[in-house]
Each structure stands twice: as structure tokens, then as C-alpha cells.
Amino acid sequence: MKKPIWLLPAALLLLSACEREKREFRPAQVSEETDEKIALSSLSAGPSPPSQQTTGKGKNFEENAYHISEGQKLYTWFNCNGCHSNGGGGSGPALMDDRWIYGGSIEHIVQTIREGRPNGMPSFRGKIPDDQVWQIAAYVRSMGRYTPKAASPARRDDMHPGPAEQRRPPAEMNPGGSIPSSAQMPQ
Amino acid sequence: MRRSVAQAFLILSTSLPAVAQQQPIPAAPPAAAPSEDGQWTMPAKNFASTRYSELDQINTENVKNLQVAFTFSTGVNKGQESSPLVVGTTMYVLSPYPNILYALDLTQPGAPLKWQYNPKPDSAAQGVACCDVVNRGPTFANGRIYFTTLDAHVVAVNAETGEEAWKTKLGDINKGETMTMAPLAVKDKVIVGISGGEYGVRGWIQALDANSGQSVWKAYSTGPDQDVKIGPNFKPFYDSDKGKDLGVSTWPPNAWEQGGGTVWGWLSYDPDLNLVYHGTGNPGPWNPNQRPGDNKWTAGIFARDADTGEARWFYQTAPHDLHDWDNINELVLLDLEWEGRPRKVLVHPGRTGFVYVIDRTTGEVLSAKPFHALTAVTGVDLKTGRIQYNSDKEPVNNRVVRDICPTAPGSKDWNPSAFSHKTGILYIPHMNMCMDWESVEPNYIAGTPYVGAEVRMFPGPGGHMGEFSAWDIKEGKELWTINERFPLWSGAMATAGDVVFYGTMDGWFKAVHARTGEVLWQFKTSSGIIGQPTTYRGPDGKQYVAILSGVGGWAGSIVSGDLDPRDGTAALGFVNAMRDLKNVTTKGGTLYVFKLP
């Protein structure tokens, strides 16, 4: 009688953990790049919203603890922290807030890393394998906690810059957050 | 009547120390600080970099009546570190990136715009500017305005018409090279240096032909002697700077190629000796464990022949720099009596925490006295010239070392002090801060940062972060200090009216008594102040005071760059100390000019 009660939450934990820990052992080819049809504006010509179609890769990555934690490591290895610090920003904008100059979905972030952006973001296309770009983007999404709590990183071993991603309150996309800061277009 | 007696007493009592010394007051060499003409044609005012004006219409009595004469928007809401210049009847104002140069007509009411010049720098340059997209000012010489742009160009513009005379590209943003410094025009040359010490840039200083913009000489801060322009006439004072190719041998193999030593600060020039003085920035990367050795010729001072660039002497303020202590702060040239002998010196309040008095003919350090709370260093050995590091505070990889004072921006960063010829006092705007530091292994990827340190800063002893200090150069001590809540990131200016000016990051522009430090007048501007005050005689014969307001820079990037205060390591650790700045000021970019009624 005691056994099943004890097993039920354990089984549930195991099931959810399966998603969280899911790993693809055959990653995409280094030279491959997914084709994400995304829009940078919520406005479109005609009454229908902008036409967008994503491959679904983003959802798999940003809900997966392994990819996010790999992304956290790569974020430092590729010097992302040199400009964006641990999410608070520096010479580059903050990544843990709700302002996304070039869109905040994982597909937008992947596009930003691939293409670069005119106000100082370098283009990393061909420099970082595409799967690793997705992992970095997934980690970036975890900084503001746009990712599930269970998949987000816990406290690092390094200097404590603030509460760990996992302990941050969950965030929602803010449609007003994509305004470029006032100084970026001075003329 | 009673008031005037009290004032007379005040004047008498405050001028007593100068009388008691019975020694001549230190003074700038006349050749480097010509007599007052009512203009302000270069950021440092003169070749001696005193930032002192002989104008005295505005004095300790009437400064309380100062009022706004006119204002002007630079159109850019980033950190305004520049200095308004006045040449003849025109004022020149340079904005941060995109580095727009404005000329204002001072003969007309409200100083209307005469023209503007837009160099259209590459917007991607913003991505390799470590600490906001600032510019430290234009300079005027021979009918032209010279300035640098963020994407590493130097521009010459006709001062009368605003037409571009030449524009020379000197750096590559893809290697992290940018330019932020104010050029120095010496004779027929314009001398500039490169920024990018946080990007593994190999630093250099370069002289361009003022007429054509062509390079005349270029000297690197690292590498073989030939590249550094070290030859037979190089005679450093200390043994540790003697030897062949030290710019190579004091580094791990090839590390000097990304070794930093950028030249982004203040230059001074002694016309009598024909020597240009300049500092070199921090070695790259910040993490010192990546680069065992003294890392010549970073974090030091060079004296160079102005015509050839040939090095004459070098002094390293931070051999094997541990904490990002660039040595690019101002070098104030003074002639004074030192232990009974007249000496030609340069005075240098350094990031390391000491005010150095150095013989500018030989490079000998005469004195190095602390002006900041220190835990990371214990002193400077005057026999060897070597700074004494406290081994407890030396960075260790992957371990947080706590309570290091001063911080990465140092006791004092780029914002220049002023020297009053009348009081003999150096006025130093500086910081009072400490930090925690963890060294981590960085990767060198060209065009991205090369730092390797996690930092968080916090207020030093007393809880305030800024100090404005009057410094007695000979005694090597503070005479008085004004504490400020935020770090001081604005320059200082002294005048013959015995009024000294500076601004604060919460937006106050202050005038203080040059002898007592009493705040005589203050005005709240629209944003925080990190600029350089200047003063001039207008076409109407009256004295004016000018300052740019607009917070930013490394210290203020939390506001100018919309950084998130939840991450203490943001902006290389400055955000940890500056969380409150967002609550007291917002972005701005406004010129304020003041006059008496």
C-alpha cells in the first residue's frame, strides 16, 4: 500500500526529467543552418499578422537543461560575457531584462548571433557551429527566465553576480520592449 | 561692514599657508602655458595641462550669482566626456559617437549653430568601445579643429567653414581598435593614440602631418625596440627599464602582440625640451596570470621626441599590472623647487593610488604619495622606482580575492585634475572605492573583449564613492576634501578668481573656493556630469563657464547603456557600485554655459 504512493511522485519526476534532460546524440552538421521565417515587427501589411514559421528547434533547446548549460559554458568561451557581462550588459545591452532591440524569441536571438547587428553585435556565422548558436541562445533566454525553472541553471562556482537564473522570477515577453534605447538613433 | 571684515579675515587666514612656506609656488613652464588670451583652444588648456585660466571676473564673491547664458543639445544621449572649446568668437562642441562637431556663434544672442560636421563613423564601432561611446574632446591649431572618431579615424575640419580638410583611418574595429582621446597638436603635427585595451589591441601613439594627415612617426607600446622607437637616446632612470627588446622578453612568447598598452589619455608637451609625454594603458588581458613578466611598456609613462617619436625615458607605474591600472591620466608639467633645487617635474595622480612627482628630464620619481585608501599596494620604492604590491591581493585564477583598493578604474580614472598657478594647489577629482576580483581564463578572439576577470566594485571606507581633493604637491598631502556620493567622473578647472569647478554624476555643477573648498555655488543640470569644464572671455568681454551634462562613461554606463542593476558584474563590475544611479539621473546631452548677470 505504501509503495505506490511513494512511487507516483518519483515516476512523475522521472517523466518530466526526461524532457529536461533529453539529449540528441547526433547533432546537426556543423555547416547546417535551420531556416526560421521570422518577423522583426508586430506590424504587417494587410489585416493578418506577420507571416512566421519556425522549425521548432528553438522550443526543444530552450526547454532542455543540457542545452542551456552547454550554452552557459559557450557564452563565456565565445566572449559573450565580455560585452553582456552575466546578463546585466556592458558595452553590449543587458540580456536579463525585458528589452529586446532585435526581438527576444530564441529564433530572433539565434538570428542576431548569426547575422550580427548594426550597432556593434559581431556576426558569428561560420565561426560557431549552428547547434552551439542555439545553445547560447537558449542560455540567453534563461537569463531573464524565459525558460522553464527546471531547465534553468543553478548558481555558478564563480563570483556571485546576483541570484542564479533558476531563482529569478519567470518573465513574459513585453511587446513594448523592442524599442531601441534613445541614443542609438541620434540623427 | 562686519561682513567685509569677516571676509578680509577669511582671505588673510586662507592665504597664510602660502606665506608661511616662504618658497616660490610651483608654476607651469611659461613656454608650455602661454599668457591668457581668453580662449580655450585645447581640452587641457595648455601644453602643461594645467586647466587653469587667468580670467578672474568670476570670483569667490560673485560666483553665487552665476546664471545660465545659453544651452545647446548635442543630440546624443551618451556619456559627454568632451570639453567645449572656444576659438575667437566660435565655440566648438563634440558629441560622443557619432562624433558630431558643432560650431556655435558666440557673437549672436543664444549662440546659434554656425555649422555642424558629421564624420559618420561606422556604427559597428560601438560594439568594441569598452566603456560607453565617449570622446574626450577636439583640439584647435592652425585654423583647424582636429578630433578622433570612434571607428579609429582622425579628422581635420576647417574651423571657419566646417569643411573636412582630411580624414585618415588609423585602426581596424575588427581588431577591437577604436579612438576616444583628444589629439594634441604640436607644431606641424597632430599626435593621437589608439584605444582598445580590453580587446587585446597592441597600443601605439602616432604623429600625423597636420597639413595632410599622413603618418610621420608611430611608436608601439609593446614589441621589439625598433617598433617602440627605443634607440641609443633612450635613457630610462631605473635599471628595470634597461635592456634590449624588453617589450618582447618581459612577456610570454608572442603575448605582446595582444598586449594592450593603448594610448587613450592625456598628452603633455614641453616646448623647451621638445618632449611629448604620454602614458600607456593596461596590459592585455586583465588577468595577470596569463602574462608573467613586467609586460613592458604597458602601464607607464614615456617621454618622446616630438619630431621623431624617439623614446627618451620610461617609467612603469605598474610593472606586471594586476588590476587594470592604465597609466593614461593627465601629466601636469610644473617647475618647482624640490629640496632646495629647481626641478622640472611632471605631476601625475595615477590609477595606482599615488600622486607621482617625476623629474621630466630624467624620469626619476621624486615622490609618490597616496591619495586613496590602499590595500593592494603598500608604497613605491624610490630606489628602484618599483610599486610594492600586497601579495594577499594578487589575483588567483578561479578564486575571488576580496577588498582590493583601489579598483580597476583606479583611485582616479581619465578625468583630469587642474592646477592653480595662484594657489599652488592641484585639484584632483577622484574615487573612493574597493572591489572583489576573480581571474578567469580568457580566449583571444579578435574583435571581442579580452579581459579574463569577474569584478564587482563597492564604496570605499566612509561609504562615499567620490572625492574632490586639494593636493599640496610638495608636502604630498591633502589640504581638504569634499566627499561625493558617486564617483567623480568629471574633470576639474581652476581660475584666477580662486574658484574651482567640477561636476557630479548626479548632475550638480559646483564652484568651490580654491583655498578652503567651501561650495560657493551649485547648479543642477539635466543629467549627470562627466565632462570637462572650460572658461572663456566672450565677444562681450565677459567671462563665461561651459560644461557638458550627460551621464555615461564606464561609471555611468548603467544609465547611458540601460544596464540591468541585478547583475553586479555588469560594465566590468562598475554596476555593483552604481545601482542607485538610475534613481537619481537619466541620460542626457546638453551644453550649459554660465555667466554673471
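Rule-based calculations on the coordinates, nothing more; no lab input. Here the structure is a predicted model, which means the values were calculated and not measured. When we count neighbours, we look across all protein chains shown, and the Cβ atoms used for this are built from the backbone with ideal geometry, even at glycine.
Tabulated results
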item	result
Reach of B:K244 by Cα under 30 Å, taken over lysines that are not fewer than 8 positions away in the same chain	B:K175, B:K189, B:K218, B:K229, B:K235, B:K296, B:K344, B:K383
Cα-Cα over 26 Å, subset of B:K78/B:K393; B:K477/B:K582; A:K127/A:K149; B:K510/B:K582	B:K78/B:K393; B:K477/B:K582; A:K127/A:K149
Rounded to 5, percent antiparallel among DSSP beta bridges of segment B:2-595	95 percent
Relative contact order (percent, whole number), chain B, Cα cutoff 8 Å, 6+ residue spacing	15 percent
Sequence-distant residues sharing a close amide H with B:C434 (under 5 Å, placed H)	B:F458, B:G460
For the protein assembly as shown, fraction of C-alpha pairs farther apart than 45 Å, in %	24 percent
Of all DSSP beta bridges in the protein assembly as shown, antiparallel share, percent nearest 5	95 percent
Prolate/oblate/rounded call for segment B:39-132, Cα gyration tensor, a/c under 1.5 rounded	prolate
Sites B:K244 and B:N397 - FRET efficiency at Förster radius 51 Å, r taken between beta-carbons, to 0.05	0.95
Ellipticity estimate at 222 nm from DSSP helix runs (n ≥ 4, -39,500 (n - 2.57)) divided over chain B, nearest 500	-2000 deg cm²/dmol
Relative contact order (%) - criterion: Cα under 8 Å, at least six apart; region: segment A:54-180	31 percent
Longest DSSP-loop-exposure-free segment, trypsin sites (Lys or Arg not before Pro), chain B, at most 10 other Cβ within 10 Å	B:1-243
Rounded, prolate or oblate (a/c below 1.5 giving rounded, otherwise prolate when a/b exceeds b/c) for segment A:54-180 by Cα gyration tensor	rounded
Under Karplus coefficients 6.51, -1.76 and 1.60, residue-wise ³J(HN,Hα) of segment A:76-85 in Hz, glycine/proline x	7, 4, 9, 6, 4, 5, x, 9, 9, 6
Segment B:429-484 - Kirkwood radius from inverse mean 1/r over Cα pairs (Å)	14.1 Å
Under 17 Å from the Cα of B:K64 - aspartates and glutamates, other chains or at least 8 residues apart	B:D56, B:D498, B:E518
Reach of B:K114 by Cα under 16 Å, taken over lysines that are not fewer than 8 positions away in the same chain	none
Using a Förster distance of 22 Å, the FRET efficiency for B:D580-B:Q522 (Cβ separation, nearest 0.05)	0.65
Rg over Rh [alpha-carbon atoms, Kirkwood Rh] for segment B:429-529	1.12
Global form of segment B:2-595, assessed from the alpha-carbon gyration tensor, a/c cut-off 1.5	rounded
5 angstrom amide H check on B:R202, placed H, neighbours 5+ away	B:G260
Segment A:12-110: GluC sites (Glu not before Pro) in DSSP coil with no more than 13 other Cβ atoms inside 10 Å	A:E24, A:E32
Translational diffusion of segment B:243-337, µm² s⁻¹ [Kirkwood Rh, Cα pairs; Stokes-Einstein; 25 °C; 0.890 mPa s]	178 µm²/s
Nitroxide proxy distance, nm - points 7 Å out along Cα→Cβ at B:N158 and A:N60	6.4 nm
Sorted by Cβ density within 10 Å, fewest first, the residues B:T89, B:T535	B:T89, B:T535
